[in-house]
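Encoded as structure tokens, the structure appears first; notes follow it.
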Amino acid sequence: ISLGRFGLGAVFLAFAVWNLTYALIVFAVIFPVEKSEFFLYGSKQMALFALSQRSNYDQIIIDPMRGTMSPNVRSVTQLYLLFYSQYDPATYQSFYNTRGSDSFTFDKFTIRDIDWNSDQNSKRTLLIGSPWDFKNSQLTDDQVKQQFNLLNGEKALVAVSP
């Protein structure tokens with residue numbers, strides 16, 4: 001009887017270890033890759049790139065809506081820019097207004113929807129948005145300055161200079 005109980009306990013323990021290992025792999029490896037879009041993956045890289053391009057452009061327009069297929073995720077782009085630029089919080093708080101505007105502007109950055117029909121004629125402007133922001137345009141290799149991919153390899157954001 002004790003050998004049967006030992007065997008049953010060993011099977012249960014092996015099953016528990018297998019389930020916990022599988023759960024860890026799903027949680028630590030698979031889930032972050034499949035859902036990186038919803039964790040705003042690429043935002044840090046985009047912010048660092050945009051900050052590095054500040055001296056090359058008069059204006060940098062960034063679309064806050066993200067998504068590989070459609071605008072289904074609203075990002076907090078300004079927070080990434082403010083954090084990585086080490087922008088002075090007192091200066092930011094002195095002019096920030098949360099009401100009455102569909103755009104947010106500080107320094108050379110404007111966070112608003114990209115309208116390719118009008119924005120493509122802007123000079124010395126860098127546009128950063130999701131691939132669908134530029135879907136109907138014929139972008140040349142010269143116009144695409146940087147591409148930011150998700151962990152699964154899909155395009156998250158594209159930096160374009162018209």
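The values are calculated or read from the model by the stated rules, or taken from the named source; none is laboratory data. Keep in mind the model is a prediction, meaning the values are calculated, not measured. Each accessible area value is taken on the protein alone, full model and side chains, heavy atoms only, with ligands, DNA and RNA left out. Shrake-Rupley method; radii C 1.70, N 1.55, O 1.52, S 1.80 Å.
The alpha carbon radius of gyration of the stretch 97-162, expressed as a multiple of 2.2 N^0.38 Å, is 1.21.
In this structure, the residue pairs whose Cα-Cα separation is over 18 Å, taken from K44/K123; K135/K155; K35/K135, are K44/K123; K35/K135. Size estimate for the chain follows the Kirkwood approach: the inverse of mean 1/r over distinct Cα pairs works out to 18.4 Å. F15 exposes around 120 Å² of accessible area when a 1.4 Å probe is run over every protein chain in place. Listed values for the stretch 125-133 are Karplus-derived 3J(HN,Hα) couplings in whole Hz (6.51 cos²θ - 1.76 cosθ + 1.60, θ = phi - 60°), namely 10, 10, 10, 10, x, 6, x, 6, 5, and x replaces Gly and Pro. For T110, the residues 5 or more places off, or on other chains, whose built amide H falls under 5 Å of its own are I60, I61, I62. Pairs of Cα atoms in the stretch 1-45 fall into 10 Å distance bins, from 0 up to the last occupied one, in shares of 24, 27, 20, 15, 10, 4, 0 percent.
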